[in-house]
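Encoded as structure tokens, the structure appears first; notes follow it.
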Amino acid sequence: MINIYHDKLTVAMSTEWEVTTMIIIKSAYRTVFAAIMLVVSSGFFMGSVSASTPDNVLVVGQIAEPKSLDPATVTAVNDFRILMNIYDGLVRYKDGALEVEPALAESWDISADGKTYTFKLRSGVKFQDGTNVDADAVKFNFDRMLDDKHPFHNTGPFPLSFFFSAIEKVEAVNSSTVRFTLNAPYAPFLSNLAYPTGLIASPAAIKKYGKDFGRNPVGTGAFKFDTWKSNEAVIVSRNEGHWEGKAGTEAVIFRPITDGNTRVAEMLSGGIDMMVEVPPTSLAKFSGNNFAVAEQAGPHVWFLILNAKEGPFANKLVRQAANYAINKKAIVEDVLEGTAAIAAGPTPPAFAWAYNDALEPYPYDPAKAKALLKEAGVSNAKLTFYVTQGGSGMLDPVAMGTAIQADLSAVGFDVEIKTFEWNAFLGEVNPGLEGKADMAEMAWMTNDPDTLPYLALRTAAWPDKGGFNSGYYSNPKVDELLEAARSSTDQAERARLYKEMQTVVQEDAPWVFVANWKQNAVTSSKVQNFSLQPSFLLLLKDVQKK
Amino acid sequence: MTRYLILRILAAVPVLLGITLVVFVILSLIPGDPAMAILGSYSTPENVAQLNQQLGLDRPLFQRYFIWLGNILQGDFGRSFALNRPVIDEIIERFHATLILSGTAFLICSLLGIMAGVISATRQYSWADKFITFSVLIGISVPSFFLGMMMILYFAVQLRWFPASGMYALYGGGGLSDLLSHLVMPALALAAVATGVIARLSRAAMLEVLRLDFIRTARAKGAPERRVILRHALRHAIVSILPVLGLQAGFVLSGAVYIEIVFQWPGVGRMLVDAILARDIILVQGGVLFVASCYVIFNIIVDAAQLWLDPRVKS
């Protein structure tokens, strides 16, 4: 190959001077070209090998490097996707639903006052390091998070420990019975246990590795941890002794591929078997027979917080007008390319048992919006609109913000957008919009229908009281319904209360309800038995690869 | 010369300290903090304050800087907030990847750049010169990350010659040929701009030298053309090319950030970007200190090489 190249060049030479020059640099040329050709040809032969993943090993393209594999210390969905396959919790979400079912606990009792939960543990379950899953191990996990005098509390910090702040004490009644006493009835307790923060880790391993447990995780899950190569991969292999039977693949390799385009390229070239969070504009590339696209609406809601304390949005009619003025269909179909559905109210439909089906989204009706504004006596209202450049669950916030600005301008608002980087944005929005802005983008993903309205819609959740009600919405009826739903242990009763709350909140329009995100994933045709969960957690135990 | 080198190394210490101080202050001034990045939507002022206290971030800025500095002097680089592991472990794991990538790119851009410059200069206004000048212009103008993405699309997705990303195949890989097949595209993409810069400069330097009297003398006394170009002209021109090589070494190191993201190369550049987004100040400081040290060392080596090559300075 190299010689042919030289011959061609030599023929092209015309003068003696040029030939001489060529000879001069020939040696240097030879070295470099030899090196390049060697590499190119090695690429040729490697190509067919490296482009396909091995049988029975599932390679998953993740969106980022995990922070840690210690379930008590992490907050990102990206980390949860790995954790759910290494650990089990006391309870878990049913397949395809957001209702809990037994996992490490085979049954439980809730006291009549809703303050005592007694769990009976499944017998004979062992951690991957061979130690027993007993009541003491469960107690250890929660004490580590919640008790700052616990000898292993220093393995934190535990940023989501407030999920369990209702726990007053955890007792090991006997080796297979564990009792949680709460300081007040707290209905979301079971869903919080099913959340990754409630996964049970091996106390022996925590004692052994201390602060480094997050890089040496030991749980009871269908896969056990093998290796973590920084920024290359986390590799887990089948846990042969899993209490529920063996996983469908021998191993799973989680590869962090931060750049969405690179992730798509890896999927197209066969370097990974599955990718999550496909950029909407790339979905069309996977329409052929070689790939399958999975979609699942999740417990996510994208909304605009309206400042109900001051300015035009203090008037309910103006807030409703904003809901009518914004073309949500255009946003989900054109901006988000169909990767989201139109939101009707504050609760995402993924919480099927608590969702009010009777709720219809505010229709796109600019004429109605104009009429409402006229009725409210508002014209040419100036609005300051906080937009973020991107952030967890925010989808495509700049494009969405611009579309919203245009829709609002069309009915007579004068909207000024202020854009912030995500951390700065949270720093501006979470302390409250008073004196700064009339509206702000926001998105939440939660694990219980209680979480978002309780933290962001109650009067007692205004920012100065430590909540997320940045728009200062206040309706005593909503406060009452949410408190009642939280204390009830009867799911049917809770459902009734949440549905009523949704009706009231939709009418009051403290937010513009915009979209519910549909999570997506692409798998190669070799991958079978895979489905996405409404919890947005990635469960790979039953997935097979042919 | 030894004395000069020692002085240069000593002079690098305040430079490095200055860099860490500037990075520390900038990172503290930009909005958001590690607690906020960790908590995301859950970041109420209360939760943030509590987490910051647990992370030891409630102390005044300069106190934190001097605590960090004191620890560094004792060889303790601290613990990353976001990754919850010692910074030095993370950096060492990542740094060799960056060195392999940047080193290869540097080698490619030096060799190709100087070679292209020499060919261009010795055959000024020929088709080869025009071709090289044109390619160089493209090389300089196309952003490296875009070039990288195009290479992935063509060579990995379409032709399937090379793997699209990563450093080693995760199964059955690990050997030298595996590394090379992963290295080709990122190294070439990273080298492109620097190659262009070096080629341009080499061409100019060579053109200037080739017009000088001693070249004419060398030819007149009958020295073979090979000797005239390599021993007389290039040896002379290289003295003015070398400082640019030093600068390009820095460019290649910093450019690795984009390339590491596009090609998912597990190096320090990607680590720094992630760390900045997570406001992981300790990890950023450690990474920047390493990269800056490399840059300084590269430049000292280049200066030393210049001393060695230029007989006028040697005395």
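With every protein chain left in place, what is the accessible area of residue B:62 in Å² (1.4 Å probe, nearest 10)?
110
Normalised by the number of residues in chain A, what is the relative contact order in percent for Cα pairs under 8 Å and 6+ residues apart?
Numbers: 1120 pairs, mean separation 105.0, N = 546.
Reported as a whole number, the value is 19 percent.
What accessible area per residue, rounded to a whole number of Å², is obtained for chain B using a probe radius of 1.4 Å?
Numbers: 14290 Å² over 315 residues.
So chain B comes to 45 Å² accessible per residue, rounded to a whole number.
Roughly how many whole Å is it from the C-alpha centroid of the range B:55-94 to that of the range A:331-409?
44
How large is ³J(HN,Hα), in whole Hz, for each residue of the range A:57-64 in order, when computed from phi with the Karplus curve 6.51 cos²θ - 1.76 cosθ + 1.60 and θ = phi - 60°, using x for Gly and Pro?
Running phi through 6.51 cos²θ - 1.76 cosθ + 1.60 with θ = phi - 60° gives 10, 9, 10, 10, x, 8, 8, 6 Hz.
Starting from the Cα of residue A:126, draw a straight line to each of the lysines and keep only those under 25 Å, dropping any in the same chain fewer than 8 residues away.
Candidates past the 8-residue exclusion: A:94, A:139, A:169, A:207, A:208, A:211, A:224, A:246, A:541.
Students sometimes get this wrong: rank B:244, A:301 by accessible area, probe 1.4 Å, all chains present, largest first.
Working: B:244 25, A:301 0 Å².
Most to least solvent-accessible, the answer reads B:244, A:301.
Suppose only helical runs count, i.e. DSSP H with n ≥ 4. What mean residue ellipticity at 222 nm does that imply for chain A under -39500 (n - 2.57) per run, divided by all residues and rounded to the nearest 500 deg cm²/dmol? The partial results should precede the final answer.
Values: 14 runs with 169 residues, N = 546.
That comes out to -9500 deg cm²/dmol.
With every protein chain left in place, what is the accessible area of residue A:107 in Å² (1.4 Å probe, nearest 10)?
50
Give me the Kirkwood hydrodynamic radius of the range B:91-279, using the inverse of the mean 1/r over all pairs of distinct Cα atoms, in Å to one decimal. Write out the running numbers ahead of the final one.
Working: mean 1/r = 0.0557 Å⁻¹.
Hydrodynamic radius (Kirkwood, Cα only) of the range B:91-279 equals 18.0 Å.
Would you please calculate the Kirkwood hydrodynamic radius of the range A:217-319 over all C-alpha pairs and express it in Å, rounded to one decimal?
Values: mean 1/r = 0.0559 Å⁻¹.
Final number for the Kirkwood radius of the range A:217-319 is 17.9 Å.
Would you list the P(r) distribution for the protein assembly as shown, with all Cα-Cα distances sorted into 20 Å bins from 0 and each bin expressed as a whole %?
For the protein assembly as shown, the binned pair fractions read 13, 40, 32, 12, 3, 0 percent.
Residues of A:418-429, mean number of Cβ from any other protein chain within 10 Å of their own Cβ, rounded to a whole number? Before the final figure, lay out each step's value.
On the way: counts 0, 0, 2, 4, 6, 13, 4, 2, 11, 7, 1, 2.
Mean shielding count: 4.
Taking all protein chains as present, what is the carbon and sulfur share of the accessible area of the range A:465-507, in % to the nearest whole number, probe 1.4 Å?
Working: 870 of 1760 Å².
Its accessible area is 50 percent carbon and sulfur atoms.
Are there chymotrypsin sites (Phe, Trp or Tyr not before Pro) in the range B:91-193 that DSSP puts in a loop and that have at most 16 other Cβ atoms within 10 Å, and which ones? Working shown, then result.
On the way: sites: B:95, B:106, B:125, B:127, B:131, B:134, B:145, B:146, B:154, B:155, B:161, B:168, B:171; in loops: B:125, B:161, B:168, B:171.
Loop-located and lightly packed - B:125, B:171.
Pull up all non-local amide H partners of residue A:415: gap of 5 or more, or a different chain, and H-to-H distance under 5 Å with H placed in the peptide plane.
Amide H neighbours of residue A:415, under 5 Å, 5+ apart: A:383.
Using θ = phi - 60° and the Karplus curve 6.51 cos²θ - 1.76 cosθ + 1.60, what whole-Hz ³J(HN,Hα) does each residue of the range A:486-500 get, with Gly and Pro shown as x?
5, 8, 7, 9, 9, 5, 5, 5, 4, 4, 4, 5, 5, 5, 5
Summarise the partner chain shielding of B:125-136 as one whole number: the mean count of Cβ atoms from other chains within 10 Å of each residue's Cβ.
Working: counts 0, 5, 2, 6, 0, 0, 0, 0, 0, 0, 0, 0.
Shielding by partners across B:125-136 averages 1.
Residue B:235: accessible area at probe 1.4 Å, nearest 10 Å²?
Surface open to solvent at residue B:235 totals about 110 Å².
Have a look at B:34, B:45, B:86 and tell me which one the Gaussian network model of chain B (Cα, springs below 10 Å) gives the largest fluctuation.
B:45
Keeping the other protein chains in place, figure out the carbon and sulfur percent of the accessible area of chain B, with a 1.4 Å probe.
Numbers: 9850 of 14290 Å².
On chain B, the fraction of accessible area on carbon and sulfur atoms equals 69 percent.
Could you list which residues have their amide H under 5 Å from that of residue A:121, counting only those 5 or more apart in sequence or on another chain, with H placed in the peptide plane?
Distant-sequence amide H within range of residue A:121: A:106, A:177, A:178.
With θ set to phi - 60°, apply the Karplus curve 6.51 cos²θ - 1.76 cosθ + 1.60 along the range A:470-475 and write out the HN-Hα couplings as whole Hz, x wherever there is a Gly or Pro.
Couplings: 6, x, 6, 5, 8, 9 Hz.
Check which residues have an amide H placed less than 5 Å from residue A:168's amide H, if you skip close sequence neighbours.
Those lying under 5 Å, H to H, from residue A:168 are A:181, A:182, A:183.
The values are calculated or read from the model by the stated rules, or taken from the named source; none is laboratory data. Keep in mind that this is a model prediction, so the values were computed, not measured. Virtual Cβ from ideal backbone geometry, glycine too; neighbours counted across all protein chains shown. Remember, those area values only see protein heavy atoms, side chains included, never the ligands or the DNA or RNA. Shrake-Rupley method; radii C 1.70, N 1.55, O 1.52, S 1.80 Å.
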